[in-house]
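Below is one structure; the comments refer to it alone.
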Amino acid sequence: MSKSNLLMITTLGLIFTIAESMRFDLQSGHTKCISEDIMNNAVTVGKYNVVNPNEGYPLPVSHKLTVRVASPYGNNYHHRVNVDSGNFAFTAAEAGDYTTCFSAADHEPETKLAIEFEWKTGVAAKDWSKIAKKEKVEVMELELKKLLDAVKSIHEEMNYLRGREEEMQHLNQSTNSKMAGLSFLSIMVCLSVAGLQLWHLRSYFERKKLL
């Protein structure tokens with residue numbers, strides 16, 4: 001394998017590690033939410049399942065979930081009740097933090113559920129094996145297509161982050177301006193109160209003929 005091919009594959013490996021794959025525990029009667037910052041028009045896919053604590057036996061009835069995937073504005077993209085596994089896929093219509101919440105029903109005695117969850121966004125969400133079969137491309141051509149899509153995704157992500165940074169800068173500037181105005185108003189109020197107190201004391205002493 002040439003150095004250029006090795007470099008390309010290594011680069012792709014680093015880029016595609018952005019997909020989130022995790023395993024966590026959830027107590028019955030509790031909820032756990034996971035957020036992902038997703039750009040507008042980005043494709044995202046996810047799959048989840050409850051791990052069977054007794055391999056080789058049916059999954060216990062207590063090991064069921066309610067799963068909800070919502071947009072930053074509260075729109076539901078996926079909602080399942082009393083399930084032990086599932087998947088979702090959609091194109092984000094809004095930019096921001098999308099949230100996946102897992103809720104386990106109350107159970108006596110309390111049980112602990114182990115959940116496996118994988119969430120992919122952007123380039124990582126594409127099924128490259130299907131693309132290769134559909135377009136009948138060679139291995140190196142497929143790697144180049146992956147790399148090109150990855151570069152486009154990184155470019156879009158940088159533009160998105162730059163936009164978010166500008167929004168935060170505008171917010172900070174607006175907050176600083178408001179704080180400066182509030183500080184000036186506070187100083188004027190303090191000076192006015194001090195002036196009134198001096199005037200009142202002077203009037204009092206003059207009436208008492210102490211001045």
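Find the lysine pairs in region 18-125 meeting two conditions, Cα atoms under 16 Å apart and a separation of 8 or more places or different chains, and report how many there are. Can you show the working numbers first?
On the way: Lys32/Lys47; Lys32/Lys64; Lys32/Lys112; Lys47/Lys64; Lys47/Lys120; Lys64/Lys112.
Lysine pairs satisfying the spacing and distance rule in region 18-125 number 6.
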- Note on the structure: Phi-derived 3J(HN,Hα) across region 173-187 with the Karplus relation (6.51, -1.76, 1.60, θ = phi - 60°), rounded Hz, x for Gly and Pro, is 5, 5, 5, 4, 5, 5, 5, 5, x, 5, 5, 4, 5, 5, 5
- Calculated over region 18-125: convex hull of Cα atoms, volume per residue (Å³): 91 Å³
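All of the numbers you see were taken from the coordinates with simple rules; none came from a lab. Since this is a predicted model, take the numbers as computed values, not measurements.
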